[in-house]
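Written below as structure tokens is the structure these notes are about.
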Amino acid sequence: MIILTRNEQYHRFSKLDYAANFLRQATDKPIRKWMLKDALKRQQTIYLWKIREDNR
């Protein structure tokens, strides 16, 4: 499960594709799936959105 957080906002997605689509709409930037994969590996943020993986 992919979790995106920004300030008090918290969004969960079952697939990386869904998270990428949400970020495209939220930021109006050309976000791609590979960008999220890279950010997950390096524990980075994308346009002020923190991204992490939850394996419950």
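The values are calculated or read from the model by the stated rules, or taken from the named source; none is laboratory data. In this text the structure is predicted, and so the values were computed from the model without any measurement. Backbone-built Cβ (ideal geometry, glycine too); neighbour counts: all protein chains shown. In case anyone asks, the SASA skips ligands and DNA or RNA and just uses the protein heavy atoms, side chains included. Shrake-Rupley method; radii C 1.70, N 1.55, O 1.52, S 1.80 Å.
Probing with 1.4 Å while keeping every protein chain in the model, the per residue accessible area of the chain equals 79 Å². The chymotrypsin sites (Phe, Trp or Tyr not before Pro) of the chain that meet both conditions, a loop assignment by DSSP and at most 16 other Cβ atoms within 10 Å of the site Cβ, are Tyr47.
Can you show me the helix-derived [θ] at 222 nm for the chain, built from DSSP H runs with n ≥ 4 at -39,500 (n - 2.57) apiece and divided by the number of residues, rounded to the nearest 500. Intermediate values should be presented prior to the final figure.
On the way: 2 runs with 22 residues, N = 56.
Calculated from helices alone, the mean residue ellipticity at 222 nm is -12000 deg cm²/dmol.
When you filter the trypsin sites (Lys or Arg not before Pro) in region 1-54 for DSSP loop state and at most 12 other Cβ atoms inside 10 Å of their Cβ, you are left with Lys15, Arg32. Computed on protein heavy atoms with a 1.4 Å probe, the accessible areas place Asp38, Asp28, Asp54 in the order Asp28, Asp38, Asp54, largest first.
Charge dipole (Cα centre; +1 on Lys/Arg Cβ, -1 on Asp/Glu Cβ; no other charges) of the chain amounts to roughly 160 debye.
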